[in-house]
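Read through the structure below, which is laid out as structure tokens, and then see the notes.
Where a number appears in this text, it was derived from the coordinates with a stated rule and is not lab data. Treat the numbers as computed from the prediction; the structure is a model and nothing was measured. Cβ coordinates were reconstructed from backbone atoms using ideal geometry, including for glycine residues, and neighbour counts include every protein chain displayed.
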Amino acid sequence: MDRYVCDACGWVYDPAVGVPEQGIEPGIPFDELPDDFECPECAAGKDEFSKEEWTSPGAAGDEKL
Ligand SMILES: [Zn+2]
């Protein structure tokens, strides 16, 4: 599942972890969070989040020669 990053403060929503302090259990994709979900750090709404881009060097599957 994809992780999403808060554009405002950099907090990351990780579906594998959820947001226990907001009652959001692990295993819920970002798309299925309630529309009133807010960043626990800065209270930004879902539309402030962006899908995390994976840029780690050496990751398989996206090599360019
Ligand atoms: Zn935030």
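Summary of values
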{"read-out": "Candidate set: segment 25-59, residues that are assigned to a loop (DSSP other than H, G, I, E, B) and touching a Lys or Arg at 6+ places or on another chain (Cβ under 8 Å); chosen: the one nearest to the ligand (Cβ to nearest atom)", "value": "Phe37"}
{"read-out": "Neighbours by Cβ (under 7 Å, 6+ apart or cross-chain): first from segment 1-13, within 11 Å of the ligand (Cβ to nearest atom); second among the basic types (Lys, Arg)", "value": "Tyr4/Lys51; Val12/Arg3; Tyr13/Arg3"}
{"read-out": "Answer residue from segment 14-24, given it is free of Cβ contacts under 8 Å to residues at least 12 places away in the same chain and in a loop (DSSP other than H, G, I, E, B) and is farthest from Ala43 (Cα to Cα) among those", "value": "Val17"}
